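Contents: one structure, followed by commentary.
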Amino acid sequence: MAITFAIIKERKNPPDRRVVFSPQKCQEVSRQFPDANIIVEASSIRIFPDSAYSEAGFKVTEDVSEADVMLGVKEVPIDALIPKKKYFFFSHTIKKQPYNRELLQAILEKKIELYDHEVIVTNKGGRLIGFGRYAGLVGAYNGFRALGLRDDLFTLPKVEVLPDLRAVKAELDAITLPKQLKIALSGTGKVAQGAKEILDHLQIREVTDADYLTQSFDEPVYCRIDVMEYNKRTDGKPGDKYEFYKDPSGYESDFMKYAATTDFFIAGHFYGEGAPYLFTREDAKHPDFKINLVADISCDIDGPVASTVRPSTIANPFYGYDPQTEKETAFDAKQVITVMAVDNLPCELPKDASEGFGDMFLEHVIPAFFNGDADGLLARAQMTTAEGTLTKRFRYLQDYVEGID
């Protein structure tokens, strides 16, 4: 059965230039799935111009209402939602975000089937698609950019003025880092892997936890830390990662041992509700606390990384956090923690991010439309039904929809 997919225009402000499929990826979809018809909603901001889609053989139009499935990246404004369609985008509703309550209410009223990119997962719950790698790449680069500007060491351009990832890495090739720089990177997922890619490109040596915590070096080094390295059981017994994920209540932070020897912290971890904060405002006041630069890619506000008091922006990516006053200040002020906490990092690398996203979407999602959803991927990702109700997996959002806090 033929299915028409629409690449929809991104309407959220600030503008997002990313897209689910590049023109080349659309051609791959058509080759692999002849019953997949793709149309493109006209857009002046997309990283790939309308002409590139037309030249690739796809219809570009102002009206995509003929499509069955709408493919977008960010939230769709309520007045742009077309009733009784299938939509894919990041809805930012699964954690009951108050600012998108009305969006989910409207989706239900319009009898739209919503599939959130964030919940396209394996049957064991592992995420299959996303922009995490690109957040890690840009976040780590931005951290080094802050270091260069603050300490007058070097000047790196903003990622958004560079054409692609290759150009980003070429800029890094020209910088020289301080000899005794120690960097801690938290996390093991795609975000942390993207950040690690930047560290490895800079040929910064990765060292073991034991060496990192006890030795001095005459070269920049980094240490990658996982949840069981920066958390410990309160009863002193050995910790268990999977136990921690299920119930972190019997754990406390063990991050201060890293904070006492780290200059630059790259936060690439996933923070689960109820888990201990990595470091608190009181921790940051401690005389042993040495971190003076944080690239918080995870960007949980006023939470596990105490210096992240607000998100920053692509236009103004850095600010300072004064641990003694607990107030924001200039990013290059003395005795402060310099913070990079941009919450939409992949937007700075729209071409590479879109191409990477399209690879994943074609591999994992498109086949499910033509194989009867053999492994249940679409069923797991579907949040709302054509009848205007929440699916069973997402019924926990009912009180959120009804405005019951």
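Any residue in region 11-29 that is of a type in the set (Phe, Trp, Tyr) and touching a Gly at 6+ places or on another chain (Cβ under 6 Å)?
Let us first name the residues in region 11-29 that are of a type in the set (Phe, Trp, Tyr), namely 21.
Then drop every residue that is not touching a Gly at 6+ places or on another chain (Cβ under 6 Å), which leaves 21.
Within region 11-29 (the criterion being of a type in the set (Phe, Trp, Tyr) and touching a Gly at 6+ places or on another chain (Cβ under 6 Å)), the answer is yes, since at least one residue qualifies.
Out of the residues in region 33-42 that are of a type in the set (A, V, I, L, M) and surrounded by fewer than 20 Cβ atoms within 10 Å (Cβ to Cβ), which is nearest to Asp16 (Cα to Cα)?
Ala42
For region 46-150, give me every one of the helices (runs of 4 or more DSSP H) that falls completely inside it and has 3 or more residues that are in contact with a helix residue (DSSP H, G or I) (Cβ under 7 Å, 6 or more places away or on another chain) and either farther than 17 Å from Phe361 by Cα or in contact (Cβ under 8 Å) with a residue 24 or more places away in the chain (or both).
Once the helices (runs of 4 or more DSSP H) in region 46-150 are filtered for at least 3 residues that are in contact with a helix residue (DSSP H, G or I) (Cβ under 7 Å, 6 or more places away or on another chain) and either farther than 17 Å from Phe361 by Cα or in contact (Cβ under 8 Å) with a residue 24 or more places away in the chain (or both), what remains is 101-109, 132-150.
Within region 394-405, how many residues turn out to be touching a strand residue (DSSP E or B) at 6+ places or on another chain (Cβ under 8 Å) and either assigned to a loop (DSSP other than H, G, I, E, B) or loosely packed, with under 15 Cβ neighbours inside 10 Å (or both)? Walk me through how you get there before you give the answer.
Start the filter on region 394-405 by keeping residues that are touching a strand residue (DSSP E or B) at 6+ places or on another chain (Cβ under 8 Å), which leaves 394, 397-398, 401.
When the remaining residues are screened for being either assigned to a loop (DSSP other than H, G, I, E, B) or loosely packed, with under 15 Cβ neighbours inside 10 Å (or both), the result is 398.
Going through region 394-405 one residue at a time, the tally reaches 1.
Can you work out which of the residues in region 188-237 that are of a type in the set (Val, Ile, Thr) and not in a helix (DSSP H, G or I) is farthest from Phe131 (Cα to Cα)?
It comes out as Thr234.
At pLDDT 95 or above and of a type in the set (Phe, Trp, Tyr): is that true of Tyr230 in this structure?
So Tyr230 fails the test.
Residues checked against (1) under 21 Å from the mean Cα position of the chain (by Cα); (2) within 27 Å of Ile47 (Cα to Cα):
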| position | (1), (2) |
| --- | --- |
| Ile120 | yes, yes |
| Lys124 | yes, no |
| Arg127 | yes, yes |
| Pro157 | no, yes |
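Looking at Gly187 and the list (1) under 27 Å from Arg127 (Cα atoms); (2) buried (at least 21 other Cβ atoms within 10 Å of the Cβ); (3) at pLDDT 95 or above, which single condition is not satisfied?
The number of the failed condition is (3).
Looking only at region 296-312, count how many residues are within 16 Å of Thr329 (Cα to Cα) and under 17 Å from the mean Cα position of the chain (by Cα).
Here the count works out to 4.
Going through region 255-288 one residue at a time, which ones are in contact (Cβ under 8 Å) with a residue 60 or more places away in the chain and either in a loop (DSSP other than H, G, I, E, B) or among the acidic types (Asp, Glu) (or both)?
Scanning region 255-288 gives Thr261, Thr262, Asp263, Gly268, His269, Phe270, Leu278.
Among the listed residues Arg145, Arg101, Arg133, Arg150, which satisfies the condition of being within 24 Å of Ala195 (Cβ to Cβ) and surrounded by fewer than 19 Cβ atoms within 10 Å (Cβ to Cβ)?
Arg150
Just to be sure I understand, how many residues within region 316-326 are loosely packed, with under 15 Cβ neighbours inside 10 Å and either under 18 Å from the mean Cα position of the chain (by Cα) or touching a residue at least 24 places away in the same chain (Cβ under 8 Å) (or both)?
2
Please state which one of Ile225, Ile266, Ile198 is buried (at least 21 other Cβ atoms within 10 Å of the Cβ), touching a Ser or Thr at 6+ places or on another chain (Cβ under 6 Å), of a type in the set (A, V, I, L, M, F, W, C) and modelled with pLDDT of 95 or more.
Checking each option against the conditions leaves just Ile225.
Applying the selection to region 31-45, what residues are closer than 24 Å to Asn371 by Cβ and either over 30 Å from the mean Cα position of the chain (by Cα) or outside any loop (DSSP other than H, G, I, E, B) (or both)?
Across region 31-45, the qualifying residues are Arg31, Gln32, Pro34, Asp35, Ala36, Asn37, Ile38, Ile39.
Being in a helix (DSSP H, G or I) and in contact (Cβ under 8 Å) with a residue 12 or more places away in the chain is the filter here, so list the residues in region 165-187 that pass it.
Those that are in a helix (DSSP H, G or I) and in contact (Cβ under 8 Å) with a residue 12 or more places away in the chain: Leu165, Val168, Lys169, Glu171, Leu172.
Could you pull out the residue among Ser30, Ser91 that is crowded, with 18+ Cβ neighbours inside 10 Å and among the small types (Gly, Ala, Ser)?
The unique qualifying residue is Ser91.
Mind checking whether some residue in region 165-186 is touching a Leu at 6+ places or on another chain (Cβ under 6 Å) and of a type outside the set (A, V, I, L, M)?
yes
Which is under 23 Å from Phe5 (Cβ atoms), without any contact (Cβ under 8 Å) to a residue 60 or more places away in the chain and under 24 Å from the mean Cα position of the chain (by Cα), of Ala379, Ala374?
Sole residue among the options that is under 23 Å from Phe5 (Cβ atoms), without any contact (Cβ under 8 Å) to a residue 60 or more places away in the chain and under 24 Å from the mean Cα position of the chain (by Cα): Ala379.
Across region 43-58, which residue is nearest to Ala386 (Cα to Cα) among those that are in contact with a strand residue (DSSP E or B) (Cβ under 7 Å, 6 or more places away or on another chain) and surrounded by 15 or more Cβ atoms within 10 Å (Cβ to Cβ)? Give the derivation first.
The first filter runs over region 43-58 and keeps only residues in contact with a strand residue (DSSP E or B) (Cβ under 7 Å, 6 or more places away or on another chain), leaving 50, 53-54, 58.
Imposing the further condition that a residue be surrounded by 15 or more Cβ atoms within 10 Å (Cβ to Cβ) reduces the set to 50, 53, 58.
Details: Asp50: 31, Tyr53: 31, Phe58: 28 Å.
Top of the filtered list is Phe58.
What pairs come out if I take residues in region 1-14 that are hydrophobic (A, V, I, L, M, F, W, C) and pair them with residues that are surrounded by fewer than 17 Cβ atoms within 10 Å (Cβ to Cβ) whose C-beta lies under 7 Å away, six or more apart or interchain?
Between residues of region 1-14 that are hydrophobic (A, V, I, L, M, F, W, C) and residues that are surrounded by fewer than 17 Cβ atoms within 10 Å (Cβ to Cβ), the close pairs are Met1/Asp35; Ala2/Asp35; Ile3/Asp35; Ile3/Asp68.
Can you tell me which residues in region 15-30 are without any contact (Cβ under 8 Å) to a residue 60 or more places away in the chain and either assigned to a loop (DSSP other than H, G, I, E, B) or under 20 Å from the mean Cα position of the chain (by Cα) (or both)?
Pro15
The values are calculated or read from the model by the stated rules, or taken from the named source; none is laboratory data. Only a predicted model underlies this, so the values are computations on that prediction, with no experimental measurement involved. Virtual Cβ from ideal backbone geometry, glycine too; neighbours counted across all protein chains shown.
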